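Asks: Quick one: the structure is below, and I'll ask about it shortly.
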There are 2 protein chains.
Amino acid sequence: MIETPYLLFLGDAPDMLAAKVAIGIRDWRPENAVAQIRLPGCGANLGLTDMTLAEAKAAGAKTLVIGVANRGGVISTKWKDLLIAALGMGYDLASGLHNLLRNEADLVTAAKKHGRILHDVRIPSVQYPIATGEKRTGKRCLPVGTDCSVGKMYTAMAIERDMTERGMKATFRATGQTGILITGGGVPLDAVVADFMAGSIEYLTPDNDPDHWDIIEGQGSLFHVSYSGVTLALIHGGQPDALILCHEPTREHMRGLPGYSLPTLETLRDIALPLAQVGNSDCKVIGISVNTQHMSEDDARAYLAEVSQRMDLPATDPYRFGAGVLVDALAAL
Amino acid sequence: MIETPYLLFLGDAPDMLAAKVAIGIRDWRPENAVAQIRLPGCGANLGLTDMTLAEAKAAGAKTLVIGVANRGGVISTKWKDLLIAALGMGYDLASGLHNLLRNEADLVTAAKKHGRILHDVRIPSVQYPIATGEKRTGKRCLPVGTDCSVGKMYTAMAIERDMTERGMKATFRATGQTGILITGGGVPLDAVVADFMAGSIEYLTPDNDPDHWDIIEGQGSLFHVSYSGVTLALIHGGQPDALILCHEPTREHMRGLPGYSLPTLETLRDIALPLAQVGNSDCKVIGISVNTQHMSEDDARAYLAEVSQRMDLPATDPYRFGAGVLVDALAAL
């Protein structure tokens, strides 16, 4: 686990697009975001207070999170003075960048000198077991997509928040680097060795109270040939009681795979549900989450109404219209 | 690639059960098996000539293969003198044991001194790419199972041999340690990092002659919750033109998973084929391979006739009755 709360480092990010991780933390775990810290020329602004390392430390920040992704995922030399100073002041560092903190000799030296931790969330820090398939207590929900990057993480986050606001017991379970940085822990599933994928998800979602929901972050898609194996391991390791079908209706082909068309929601349901029932015979598809960001509000509402009637399931865009109908369906299960 | 031919090291194996790897090499690549070498007390015997290191070297052996698995997969201290002597005489070493040759300091020292290679086939030696899903030339066949360990490797080996005997172009593509040791190369899929699983299979089965068949070794099962993700990566990375359904009719539950029953062949077909058609819309199920080792010959023949009629597909036990009907179906595709 990464110690919270955080000071969010935006570095010299040219714009908000580069600050996706920091935005996720601000939006989904505002209580984890003490302040932001920026270098000269930074074009991103989270709307949080700008603090110095010392000010944020005094305000309680424990970890400096690199909340910015630059081209190539490298750790910029321009950042080094500040990162080393942070270690000297007692901050841990956390990063989801492709290049690892632990491979930067100056950071390793400073961390060792000051007894601090370098968290590279792309790399598993646990030796996961092989999955046993044993039934666990508590309830689990998993969003599955017609494609990658259709809003599965957002859907899970929105459900967790709505459940918490209703007083239900719910925990978002991160399976990717952004989710891990937002919440402070999880499994970087795409970096786990094949034999241990499903076991890592069993480890992530252990026995719990009978009325507790794990809302598991989805990854990939059963229909995306590059990553489908990861998705199936998530379905079988997660033992979900409830699946949510996720879709982006305007996409013309599978992400990064020209020539591969998206499946319909019906096809996704008909493939994902029998596979999920291998691990949990009671599993049900309980709703649909549509990413309508490229549609007008009228078109989005019309599309949701049509798809809800056609599939006989509640449908929403949780970002635009809230996750309420999905939580209603989960609560009724 | 591991240099062939081999001298097969049986060590102090108590019986033939412990010599599975060596038996596979003898049965499927006899041309790779120059001789066997045993320690005092060895209870296994492949029926090959026993040779000393020097005799086998003179007969052309290039690599000493550890053809035995002992409890815990360790490299026995009793073997060390012989292994070090082999390195000194110019042999490479190859092993699929859980404990790695490269972690034995004395073997590393000897290998370095004599310029020899230590092959640990459990560990990938290649940085595989992420799968692109691009269509490749040549044809590919993949056995998929209702469960793990139902004879998928044996089926693929038998098909390759039958095709080669008919003058067809065929290559067995190993995806597990035993297959890799038998053939000298392949991808240890269960040890590949999740994001690169499908890409490793694209790498293993590249463009080829239009009339060439890659016969890909299957792994796991879509219905085995511990390993299903590996199987789906194999289906999507392999882009098979033909699937063969593999089954063991007497098994009472999924291997290692009490409480999980096996799917029917119909269920396997109905799940595996649509998933395979995501990567190759022309993919077909062409036949059934049944492991009848626990059935009398009469029962086996009756079962195969019944299942063949019920599924409207050729069915055989390739070990007992040959792979001919499967190759007929592939040749007709």
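Asks: May I ask you to list the residues in the range A:222-239 that are touching a helix residue (DSSP H, G or I) at 6+ places or on another chain (Cβ under 6 Å), part of a loop (DSSP other than H, G, I, E, B) and of a type outside the set (F, W, Y)?
Replies: Listed by number, the residues that qualify are A:L222, A:V225, A:S226, A:Q239.
Yes/no per residue for (1) modelled with pLDDT of 95 or more; (2) of a type outside the set (S, T, N, Q); (3) not in a strand (DSSP E or B):
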| site | (1), (2), (3) |
| --- | --- |
| A:L107 | yes, yes, yes |
| A:A111 | yes, yes, yes |
| A:R116 | yes, yes, yes |
| A:Q127 | no, no, yes |
| A:A131 | yes, yes, yes |
| A:T137 | yes, no, yes |
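Asks: For the range A:91-98, state whether one or more residues are open to solvent by less than 50 Å² (accessible area, probe 1.4 Å) and at positive phi.
Replies: The answer is no, given that none of the residues of the range A:91-98 is open to solvent by less than 50 Å² (accessible area, probe 1.4 Å) and at positive phi.
Asks: Give me the pairs, please: first residue somewhere in the range B:245-258 and within 14 Å of chain A (Cβ to nearest Cβ), second residue anywhere and surrounded by 18 or more Cβ atoms within 10 Å (Cβ to Cβ), beta-carbon distance under 6 Å, and either six or more positions apart or on two chains.
Replies: As it stands, the answer is B:H253/B:Y260; B:M254/B:D147; B:M254/B:H224; B:M254/B:Y260; B:R255/B:D147; B:R255/B:C148; B:L257/A:G133, since those pairs meet every condition given.
Asks: Go through the range B:275-331 residue by residue and tally those that are assigned to a loop (DSSP other than H, G, I, E, B) and within 26 Å of B:L232 (Cα to Cα).
Replies: 11
Asks: Here's a follow-up. Quick one: how many residues across the range A:193-237 are aliphatic (A, V, I, L, M), open to solvent by 10 Å² or more (accessible area, probe 1.4 Å) and more than 7 Å from chain B (Cβ to nearest Cβ)?
Replies: Number of matching residues: 1.
Asks: Another question, if that's okay. Looking only at the range A:166-218, count every residue that is within 18 Å of the chain's Cα centre (by Cα) and either on the phi > 0 side of the Ramachandran plot or of a type outside the set (A, V, I, L, M) (or both) and tell me the total.
Replies: So the count comes out to 22.
Asks: Write out, first by first residue and then by second, each pair whose Cβ atoms fall under 7 Å of each other, whose residues are 6+ apart or on separate chains, and whose first residue, in the range B:162-176, is without any contact (Cβ under 8 Å) to a residue 40 or more places away in the chain while the second is small (G, A, S).
Replies: These pairs meet every condition: B:T164/B:A170.
Asks: Count, please, the residues in the range A:258-306 that happen to be of a type in the set (A, V, I, L, M, F, W, C) and surrounded by fewer than 19 Cβ atoms within 10 Å (Cβ to Cβ).
Replies: 3
Asks: To continue, here is another question. Of the residues in the range A:100-142, how many are under 30 Å from B:L262 (Cα atoms), over 23 Å from the mean Cα position of the chain (by Cα) and open to solvent by less than 10 Å² (accessible area, probe 1.4 Å)?
Replies: 1
Asks: Please pick out the residue among B:T155, B:T164 that is open to solvent by 20 Å² or more (accessible area, probe 1.4 Å), away from chain A (no Cβ under 14 Å) and part of a helix (DSSP H, G or I).
Replies: Selected residue: B:T164, the only one of B:T155, B:T164 that is open to solvent by 20 Å² or more (accessible area, probe 1.4 Å), away from chain A (no Cβ under 14 Å) and part of a helix (DSSP H, G or I).
Asks: Hey, A:P40 hits all of (1) assigned to a loop (DSSP other than H, G, I, E, B); (2) on the phi > 0 side of the Ramachandran plot; (3) not polar (S, T, N, Q) but one; which does it fall short on?
Replies: The single condition A:P40 does not satisfy is (2).
Asks: Name the one entry in A:A94, A:A85 that is assigned to a strand (DSSP E or B), of a type outside the set (S, T, Y) and modelled with pLDDT of 95 or more.
Replies: Of A:A94, A:A85, the one residue that is assigned to a strand (DSSP E or B), of a type outside the set (S, T, Y) and modelled with pLDDT of 95 or more is A:A94.
Asks: Same structure again: Report yes if B:L83 is of a type outside the set (S, T, Y) and either open to solvent by less than 30 Å² (accessible area, probe 1.4 Å) or over 21 Å from the mean Cα position of the chain (by Cα) (or both), otherwise no.
Replies: yes
Asks: Just for the range B:171-182: of the residues that are modelled with pLDDT of 95 or more and open to solvent by 20 Å² or more (accessible area, probe 1.4 Å), which one is nearest to the other protein chains (Cβ to nearest Cβ)?
Replies: B:R173
The values are calculated or read from the model by the stated rules, or taken from the named source; none is laboratory data. Source: prediction; values computed, not measured. Backbone-built Cβ (ideal geometry, glycine too); neighbour counts: all protein chains shown. Ligands, DNA and RNA are stripped out before the accessible areas are found, and what is left, the full protein with its side chains, is counted by its heavy atoms. Shrake-Rupley method; radii C 1.70, N 1.55, O 1.52, S 1.80 Å.
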